[in-house]
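The values are calculated or read from the model by the stated rules, or taken from the named source; none is laboratory data. None of these values were measured; they are calculated from a predicted model. Methodologically, a virtual Cβ is constructed for each residue, glycine included, from the backbone with ideal geometry; neighbour enumeration extends over all protein chains shown. Calculation scope for accessible area: heavy atoms of the full protein, side chains included, ligands and nucleic acids excluded. Shrake-Rupley method; radii C 1.70, N 1.55, O 1.52, S 1.80 Å.
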Amino acid sequence: MLRIAIALALTAGTANADTLLVISTDPAFASAVDAAVSPDQVSVRSADLATPSLETIAVASRDATTREHADAAAWLVFAGGSTLIVYDRTVDRMLVRSLPYASPLDAAQAAEAGRVTRTMLRALRIAEVPMVRPPPPVAVVVTPPPPPPPRPGVLAVELDGGVRVRGPGATAGPLATLGVIWHPDRLGLAVALRLAPAAELDGAFVGQISDHSLAATLRLPLRVARRTEAIATAGLALHRVALEGMLDGSPRVEVRFDPAARFGIAGLIALGPAVRVGASVSVDWLLRRQAYAAGETQVLSVPPVQVGVGLVLVARIL
């Protein structure tokens with residue numbers, strides 16, 4: 001069926017080109033064109049027209065075919081070689097082809113130029129017939145690229161409030177910690193100041209004892225679930241233990257610094273990209289035994305192991 005449709009299109013296209021104007025200074029060209037297109041029932045007339053430039057030849061062809069009541073025009077222009085221009089007014093198109101011939105044409109060259117003219121005229125008409133239905137437009141869905149992963153945090157602050165067990169002078173007492181974390185989302189460093197109210201002493205020694213500390217620890221977050229992570233910490237702390245009061249009626253003030261090893265674990269839940277809350281447990285192991293005596297009598301001993309339990313808030317600031 002496709003071959004039949006093409007054949008019908010070729011026949012119909014050339015049958016409508018009833019009159020073909022041939023414009024050339026070579027007399028053999030017009031005769032050769034007439035012989036080539038006569039099977040297609042196309043009549044040929046020669047026209048004596050000045051040859052325009054290639055830039056204006058389309059306008060000149062349109063004017064000439066309209067004026068002469070022709071359907072098409074064929075120009076053979078000689079300039080070094082030769083240029084064949086075929087124009088069809090029905091479709092208002094033209095084709096241009098170079099031929100390797102010089103004027104005058106011999107019989108074989110003229111016959112070949114006539115056959116090329118017939119082929120170009122057919123090509124112009126065939127181009128007018130849509131042979132294949134164009135495919136329907138394809139909807140293009142543009143998917144935006146996925147958002148970049150969140151940038152790792154550089155700096156965060158940590159607030160920890162809870163209870164210290166086995167502190168000096170009291171079995172349990174309130175505890176508060178303020179810390180700064182470098183690289184909170186990966187292996188980083190934390191510096192924390194831990195404060196606790198002084199404990200009251202009433203016995204052989206009457207007064208107060210306080211124990212504050214400053215610690216530097218390595219901090220390693222371990223993701224447990226999509227919004228939950230466990231934090232392991234390990235490092236060193238320096239305790240400032242201060243004793244102030246009366247011993248056997250005499251005032252006594254003493255300040256000691258005790259290094260300690262600190263270990264901890266915390267569980268945090270993310271409330272947003274920059275805020276996490278949870279609970280923590282830490283253990284301080286004092287490296288020196290703190291004992292206070294009056295003569296041969298020991299009046300106070302600071303436990304070597306202290307445990308802190310609290311609620312934690314970590315907020316990223318950079």
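Explain nothing, just the number: dipole magnitude of the chain about its Cα centre with +1 on each Lys and Arg Cβ and -1 on each Asp and Glu Cβ, in debye rounded to the nearest 20.
Working: 29 positive and 27 negative charges, 203 e Å.
It comes to approximately 980 debye.
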Helix axis angle, 57-67 relative to the chain longest principal axis, alpha carbon, degrees | 50 degrees
Per-residue accessible area for W182 at 1.4 Å probe radius, Å² rounded to 10?
-> 130 Å²
Short to long, in 10 Å steps from zero, the percent of alpha-carbon pairs of the chain per bin is 5, 19, 14, 7, 4, 3, 2, 5, 8, 9, 8, 7, 5, 2, 0
With point charges of +1 on the Cβ of Lys and Arg and -1 on the Cβ of Asp and Glu, referenced to the Cα centre of region 168-245, which listed residue (L222, F205, L178) lies farthest in the positive direction of the dipole?
-> L222
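Let me know the charge dipole size of region 198-253 about its Cα centre in debye, to the nearest 20, where only the beta-carbon of Lys, Arg (+1) and Asp, Glu (-1) is charged.
Details: 6 positive and 6 negative charges, 142 e Å.
Dipole magnitude for region 198-253 comes out near 680 debye.
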Skip the ligands, DNA and RNA, and give the accessible area per residue of the chain with a 1.4 Å probe, whole Å².
-> 57 Å²
If you place +1 on the Cβ of every Lys and Arg and -1 on the Cβ of every Asp and Glu, how big does the dipole about the Cα centre of region 71-120 come out, in debye to the nearest 20?
-> 80 debye
Selection from A274, V305, P259, by position along the positive dipole direction of region 240-313 (Cβ) = A274
For helix 27-37, report the angle its Cα long axis makes with the longest principal axis of the Cα atoms of the chain; keep it between 0 and 90° and round to the nearest 10°.
-> 70 degrees
Using modelled amide H (1.01 Å from N, peptide plane; none on Pro or chain starts), what sits under 5 Å from the amide H of L287, excluding residues fewer than 5 places away?
-> A260, A261
Under the Karplus relation 6.51 cos²θ - 1.76 cosθ + 1.60, θ = phi - 60°, what is the ordered set of whole-Hz ³J(HN,Hα) values for region 164-180, x standing for Gly and Pro?
-> 9, 9, 6, x, x, x, 8, 5, 8, x, x, 8, 9, 10, 10, x, 10
For region 226-238, Karplus couplings with θ = phi - 60° (6.51, -1.76, 1.60), whole Hz, Gly/Pro x = 4, 10, 10, 9, 9, 10, 9, 10, 7, x, 10, 9, 10
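Over the chain, what percent of the accessible surface lies on carbon and sulfur atoms, probe 1.4 Å? Intermediate values should be presented prior to the final figure.
Values: 11660 of 18090 Å².
The computed percentage sits at 64.
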Proportion of all alpha-carbon pairs of region 34-127 beyond 23 Å (%) | 19 percent
Per residue and in cubic angstrom, what volume does the convex hull of the Cα atoms of region 215-318 have?
-> 120 Å³
Listed residues P146, P197, P100, most fluctuating in the chain (Gaussian network, C-alpha, under 10 Å) = P100
Rel. contact order, % - alpha carbon contacts under 8 angstrom, at least six apart, the chain = 12 percent
Whose amide H sits under 5 Å from the amide H of V44, counting only residues 5 or more places off or on another chain, with H placed in the peptide plane?
-> L20
Under 14 Å, Cβ to Cβ, from I57 - net charge with Lys/Arg +1 and Asp/Glu -1 = 0
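If Lys and Arg each add +1 and Asp and Glu each add -1, what is the summed charge of the other residues whose beta carbon sits under 10 Å from the beta carbon of Q208? Kindly include the intermediate steps, with their values, before the conclusion.
Working: positive: none; negative: E200, E244.
Around Q208, the charge tally is -2.
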So what does log10 I(q)/I(0) come out to for region 174-223 at q = 0.20, 0.26, 0.28, 0.33 Å⁻¹, using the Debye formula with one equal point on every Cα and no solvent?
-> -0.72, -0.93, -0.99, -1.13
Interchain or sequence-distant (5+) residues whose placed amide H lies within less than 5 Å of the amide H of R89 are A72, A73
